[in-house]
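Below is one structure; the comments refer to it alone.
The values are calculated or read from the model by the stated rules, or taken from the named source; none is laboratory data. These numbers come from a predicted model, not from an experiment. All Cβ positions, even for glycine, are placed from backbone atoms using ideal geometry, and neighbour counts span all protein chains on display.
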Amino acid sequence: MSILGKIFTWWDGATIGTLLWSSANGTHVGTDAQGNKYYRSKKVRDGQRERRWVIYEGLNDASRVPAEWHGWLHHSYDELPESHLPAPKIWEADFTPNATGTPAAYRPMGALERGGKRARAGGDYEAWTPEA
């Protein structure tokens, strides 16, 4: 991305200001498999928890934060995820981004994007009518 893109956009990675602030006030603690970088604050004020944040590689989408890093970001545990991750299971699926609002989003039968038509209800449906 060009320098102008870094200055004026926030939805595709971090801006120049965020990168400068993170390098001055934060300590890089890790990177996940998608390239997202995780930081913690260098200084902690009395009586407050340390600040933790992520700088996304690519689009800013919270669904791109893996579960183990989500737990660390929200202070569920203090150790870094790499220090106590179990080995991946064979049945675990790879990450897929949130498709809401994109052409790849799920659209059920009857959705306007699929023509607005659905199959008629079968013979097992009885409409309710109030007893008079």
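Details
- For residue 66: the one exception among (1) at pLDDT below 85; (2) within 16 Å of the chain's Cα centre (by Cα): (1)
- For residue 106, the stated conditions do not hold, so it cannot be described as in contact with a Lys or Arg (Cβ under 7 Å, 6 or more places away or on another chain) and hydroxyl-bearing (Ser, Thr, Tyr).
- Selection within the stretch 69-97: residues that are surrounded by 13 or more Cβ atoms within 10 Å (Cβ to Cβ) and of a type outside the set (Phe, Trp, Tyr). The member of this set that is modelled with the lowest pLDDT is 82.
- Exactly one residue among 64, 52, 40, 45 is among the basic types (Lys, Arg) and under 18 Å from residue 88 (Cα atoms), and that residue is 64.
- Among the criteria (1) under 22 Å from residue 25 (Cα atoms); (2) at pLDDT below 80, the one residue 119 does not fulfil is (1).
- Remark: pairs (first residue in the stretch 100-124, on the phi < 0 side of the Ramachandran plot; second residue not in a loop (DSSP other than H, G, I, E, B); Cβ separation under 7 Å; 6+ apart in sequence or on different chains) = 107/113; 107/114.
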